[in-house]
Amino acid sequence: MKFKNSLQFAKKLDREDPLRSYRNKFLIPKINNKQSIYLIGNSLGLQPKTTKQFINQELEDWAKLGGEGHMHARNPWLYHHRLAKKTLAALVGAKPSEVVAMNQLTINLHLMMVSFYIPTTERYKIIAEAGAFSSDQYAFESQIKFHGLNPDKVLIELKPREEEFTLRTEDIVRTIMEHGREVAMVLLGGVQYYTGQLFDIPKITAAAHSVGAIAGFDLAHAVGNTPLNLHKDDVDFAVWCSYKYLNAGPGAIAGAYIHEKYESNTELPRFAGWWGHDEGERFNMQKGFKPMKGIDGWQVSNVPVFQNAALLASLEIFQEAGIKALRKKSIALTSYMEYILKEIDPLENTLKIITPVNPEERGCQLSIFTKQNGKKIFQQLNKAGVITDWREPNVIRVAPVPLYNTFEEIYRVGEIINSLLK
Ligand SMILES: *Cc1c(COP(=O)(O)O)cnc(C)c1O
């Protein structure tokens, strides 16, 4: 598409946007009594107007029914986890039996590593991104120590080449091949939280499998952002949180996926709890864990119903909009942001986008490396009503979200940055 840096052009794109009405489904925070330009949906997605209703329904049923709500709430709490499956499956490209909403992200990462990281003296290495999200790094380190191993010998960190900011798929694949049969697990983000790079999940998974390793992904920044095909790509397991692009609220219930090929595998070690036990016998309260088929058998505790209700409110919107249509708008919106930033600072004197240029290699986020005055620009943006986020030492992340951001907002942000640079 040929873009123009003009208000008129941005407004035209908004008028022609088939998803423009979705913005009205969200509550937009204000700064100085004016609607903000909210560009941190990659950090905490906005609240759908319907979330209150979804949670209220559960509050009402609890008030009316007490414990009877487990069976007789409008959405019986005993089976509440089933309600999110269909839409989650569509978002990550899986079968409903392969996905479940449960726990929180880092906990799910631990649960998956318990089952899939089974080091032996020959095969024990984990390949991950250097500078992975801190929580993931702590999980890797503690899991490795849990097996009595030394993280320095086990963890192989992928680093960009000199003068580059993102990883080349060829380098990832080569590293996997180099370590070969010593690799137990390849565990990367779907979209890297700092650079916004979307990894080539099918290629990386195939490379991991070619050396006999497990391929797992942390989709915190990918789910609800880019279409995914976990089942078809033969990914072994994945985890994600739901408060970023999935708009399920602070501390929302997270998600997990395990490929169907493991659905009846009772040999895998796992940390079990009663909600993973065979539904028909759960209340016999007897010893001898008998897992439910598939990912449901990895559930531990009973469903946090209010959190799940908030997730369902948001998933209803995703189901209606469809991730393919969202992605189409997302590519246009992010490309427009990129175009405008390049218009303002063509020689990259101050602003250098480190996110890949190819839309196939990124989601909606752009990470802007600031060569000077970064913190100041970030703070001034906030004063002007534009909410972005700052990552030390000098990166401003912006995430135009197709559900609620507009082309006009992107144009306005450009105007503000332009005046700040002058
Ligand atoms: C957001 C994020 C987390 C946060 O972990 P929680 O367990 O949800 O608190 C972890 N890892 C990645 C990659 C993230 O993007």
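The values are calculated or read from the model by the stated rules, or taken from the named source; none is laboratory data. Values in this document were obtained by computation on a predicted structure and should not be read as measured data. Reconstructed Cβ throughout: ideal geometry from the backbone, glycine too, with neighbour counts over all protein chains shown. When the accessible area is computed, the model is the full protein with side chains, heavy atoms only, and any ligands, DNA or RNA have been set aside. Shrake-Rupley method; radii C 1.70, N 1.55, O 1.52, S 1.80 Å.
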* Counting only residues that are in a helix (DSSP H, G or I) and within 13 Å of the ligand (Cβ to nearest atom), how many does region 130-152 have? -> 7
* **Single unsatisfied condition, residue 12 versus (1) at pLDDT 95 or above; (2) open to solvent by less than 60 Å² (accessible area, probe 1.4 Å)** => (2)
* Can you confirm whether region 302-312 contains a residue that is assigned to a loop (DSSP other than H, G, I, E, B), at pLDDT 95 or above and either away from the ligand (no atom under 16 Å from the Cβ) or in the same structural domain as residue 43 (by TED's automatic domain parsing) (or both)? => yes
* Structure fact -> The helices (runs of 4 or more DSSP H) lying wholly within region 54-129 that contain at least 3 residues that are more than 16 Å from the ligand (Cβ to nearest atom) are 69-72, 85-92
* To do: Give the residue, chosen from 361, 392, 338, 409, that is modelled with pLDDT of 95 or more and open to solvent by 40 Å² or more (accessible area, probe 1.4 Å).
  => 361
* Asked: Which residue, of 168, 181, is within 15 Å of residue 125 (Cα to Cα) and over 19 Å from the mean Cα position of the chain (by Cα)?
  -> 181
* To do: Tell me, yes or no, whether region 284-298 has at least one residue that is modelled with pLDDT under 95, of a type in the set (S, T, N, Q), open to solvent by 70 Å² or more (accessible area, probe 1.4 Å) and not in a loop (DSSP other than H, G, I, E, B).
  => yes
* Report, by residue number, each residue of region 203-225 that is crowded, with 22+ Cβ neighbours inside 10 Å and more than 19 Å from the chain's Cα centre (by Cα). => 207, 208, 213, 214
* Asked: Being surrounded by fewer than 20 Cβ atoms within 10 Å (Cβ to Cβ), on the phi < 0 side of the Ramachandran plot and over 19 Å from the mean Cα position of the chain (by Cα), is that true of even one residue in region 184-202?
  -> no
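Scanning for something within 30 Å of residue 405 (Cβ to Cβ) and in contact with a helix residue (DSSP H, G or I) (Cβ under 6 Å, 6 or more places away or on another chain), does region 110-132 turn up at least one residue? Full working, then the answer.
As a first pass, look at region 110-132 and keep what is within 30 Å of residue 405 (Cβ to Cβ): 129, 131-132.
With the extra rule that they be in contact with a helix residue (DSSP H, G or I) (Cβ under 6 Å, 6 or more places away or on another chain), the set shrinks to none.
No, region 110-132 contains no residue that is within 30 Å of residue 405 (Cβ to Cβ) and in contact with a helix residue (DSSP H, G or I) (Cβ under 6 Å, 6 or more places away or on another chain).
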